[in-house]
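Here, each number is a calculation from the coordinates, and none is a lab measurement. It should be emphasised that the depicted structure is a prediction, and the values quoted were computed from it without experimental measurement. Cβ: placed from backbone, ideal geometry, glycine included. Neighbour counts: every protein chain shown.
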Amino acid sequence: MQHSWDKRWKRAVLSALLLTGMAEAATIKIATVSPLSGSLTPIGSEVKRGAELAVQEQARAFKALGYDLVLAPYDDQASATLAPQVAKTILADKAIIGVVGALNSSVSNVLAQHFAAAKLAMISPASTGDQLTQNGWSHFSRVVAPDSAQGVAAADYLAEELKARSVFVISDNTAYGNGLTRALMANLKKRKVPVAAYMGASTPAQIAEAVKRVAASSADVVYFGGTDDTGSQLVKALRAAGVTATFMGGDGLDSPSFLQRAGIAGAGVVYSTVFGPPSAFSNALDFSERYQAAYKTKPSGVAVYAYDATNTLLSAIKAAMGSGRTLPTRAQVSAAVRKVNLPACFNADKSRCATVTGAIAFQDNGERERSRVMMMRFDDVLQAQVVKVQTVNADNLK
């Protein structure tokens, strides 16, 4: 009796172990990496929400394939210093076979370095640093235009529309801000638009010094490369000091929190953005309605791109499964991302529309084949208006 009971007990334990293994194998996790605490929480939360909406909408389709689809959000606090630990935690979870993020270029750079050996696919919805697609990485891709594209669009606008006589350029001392300002200055040089000065400013003392130097200069435009937390402080300080020069920036200012922080000082601010308002996309109405229903607030352009980045990643995962519906490896997912070819969609039927921002396909370096940059301006009642749209072909950025 004892021998028979032991055999039954062993079989039960073995069955339980097998079932446990099957449950783990049947779970697919997608990670997001963005600031979920600190000053960039508002825009970082947009990354998480856009991805979350895509995962929720595709969960049933993955269930039919035999997998539970789970989103795992990670907070990087917009810190490249914290990124190695975030990467280590993600890599340790073998159920994670793709990452949407990061927001900041500096964080994406560190994550991509740590993910390289495992070939863990990551698609950034927001990191624009030019160097990110210049490292020979086969696992990093992005759905937004790079800084070089913004530099071209911003310089064109400064020269042709604003007729700028002199531009004072300020970076917030981040990898993003430095890259954006360098790209701008290179293009201003081509157009023979003078740069009055170039400096970094991110602390209150540095911002105060920047205001003094701008006020003493003859610059009729101040160009700021950086995120909305520092940008809002800078424009408020400039206006408080009586500086009336046009204030212009990059997509770091494309956030609802910029106006919340800047207030009336935001009126007249011009910025280039790889995002733009969701209304700029022909089939965004359905997405916006679903987003508002889920989160009780309007989406920003960052949320739209996070949604598209996630759908792109999920499309690659399904392609990597093949007809056998086999759980793909991380390397297989990375390879499948580079083969994605999602068409543009011009109707609001989400069952047929995989993207909101248009066709998505990637070059061998992870750059999107076709992206776009919009020039925006906040009017006197702080409404963002599209003043120019420029389509960017990746081949033209080489």
Expressed as an acute angle from 0 to 90° and rounded to the nearest 10, what is the orientation of the C-alpha long axis of helix 83-92 relative to the principal long axis of the chain? 20 degrees
With bins 5 Å wide starting at 0, give me the P(r) of segment 157-287 over every alpha carbon pair, in whole percents. 2, 11, 22, 24, 20, 12, 5, 3, 2, 0
Would you grab the residues whose amide H sits under 5 Å from the one on Gly358? Only those 5+ places off in sequence or on another chain, please, with H modelled 1.01 Å from N. Cys345
Counting other Cβ atoms within 10 Å of each Cβ, which trypsin sites (Lys or Arg not before Pro) in segment 141-195 have at most 10 and sit in a DSSP loop? Lys163, Lys192
Provide Rg over Rh for segment 48-104; use the alpha carbon set for both Rg and the Kirkwood Rh (inverse mean inverse pair distance). 1.02
With the calculation restricted to Cα positions, what are the radius of gyration and Dmax of the chain in angstrom? 23.1, 97
How many Å³ per residue does the convex hull of the Cα positions in segment 67-177 occupy? 120 Å³
Cα-Cα separations in segment 303-398 greater than 23 Å, expressed as whole percent: 39 percent
Whole-Hz ³J(HN,Hα) for each residue in segment 52-67, computed from phi via Karplus 6.51 cos²θ - 1.76 cosθ + 1.60 with θ = phi - 60°, x for glycine and proline: what do you get? 4, 5, 5, 5, 4, 6, 9, 4, 5, 5, 6, 4, 5, 8, x, 10
Quote the relative contact order of the chain in percent (integer), defining contacts as alpha-carbon pairs under 8 Å separated by 6+ residues. 17 percent
With axes computed from alpha carbons, what is the tilt in degrees of helix 147-156 against the longest principal axis of the chain, rounded to the nearest 10 within 0 to 90? 30 degrees
Show the residues, 5+ positions off or on another chain, whose built amide H is closer than 5 Å to the amide H of Phe247. Val222, Val270
Of all trypsin sites (Lys or Arg not before Pro) in segment 275-348, which ones are in loop regions per DSSP and have a Cβ with at most 10 other Cβ atoms within 10 Å? Lys296
Which residue fluctuates the most in the chain, going by a Gaussian network model with Cα springs under 10 Å, if the choices are Ile90, Ile264, Ile43? Ile264
When the charge dipole of segment 287-360 is computed with +1 on Lys and Arg Cβ and -1 on Asp and Glu Cβ about the Cα centre, the Cα farthest towards its positive end, among Ser334, Val304, Gln292, belongs to Ser334
Karplus couplings for segment 96-112 from phi (6.51 cos²θ - 1.76 cosθ + 1.60, θ = phi - 60°), rounded to Hz, Gly and Pro as x? 7, 10, x, 10, 10, x, 8, 7, 7, 4, 5, 6, 4, 4, 5, 4, 4
Enumerate by residue number the trypsin sites (Lys or Arg not before Pro) in segment 21-103 meeting two conditions: DSSP loop (anything except H, G, I, E, B), and at most 15 other Cβ atoms within 10 Å of the site's Cβ. Lys94
Based on alpha-carbon positions alone, could you give the equivalent ellipsoid semi-axes of segment 262-358 from the gyration tensor, as √(5λ), descending, whole Å? 32, 16, 12
Could you list which residues have their amide H under 5 Å from that of Thr32, counting only those 5 or more apart in sequence or on another chain, with H placed in the peptide plane? Ala72, Tyr74, Val100
Of Ala149, Ala319, Ala294, the one that fluctuates the most in a GNM where the chain has Cα springs shorter than 10 Å: Ala294
Compute the acute angle (0 to 90°) between the alpha-carbon long axis of helix 175-190 and the principal axis of greatest extent of the alpha-carbon atoms of the chain; round to the nearest 10°. 50 degrees
Summing -39500 (n - 2.57) over the DSSP H runs of n ≥ 4 in the chain and dividing by its residue number, what mean residue ellipticity at 222 nm do you reach, to the nearest 500 deg cm²/dmol? -14000 deg cm²/dmol
By the Cα gyration tensor axes a ≥ b ≥ c (a/c under 1.5 gives rounded; else a/b larger than b/c gives prolate, otherwise oblate), the shape of segment 197-242 is rounded
Under the Karplus relation 6.51 cos²θ - 1.76 cosθ + 1.60, θ = phi - 60°, what is the ordered set of whole-Hz ³J(HN,Hα) values for segment 310-316, x standing for Gly and Pro? 5, 4, 5, 5, 5, 5, 5
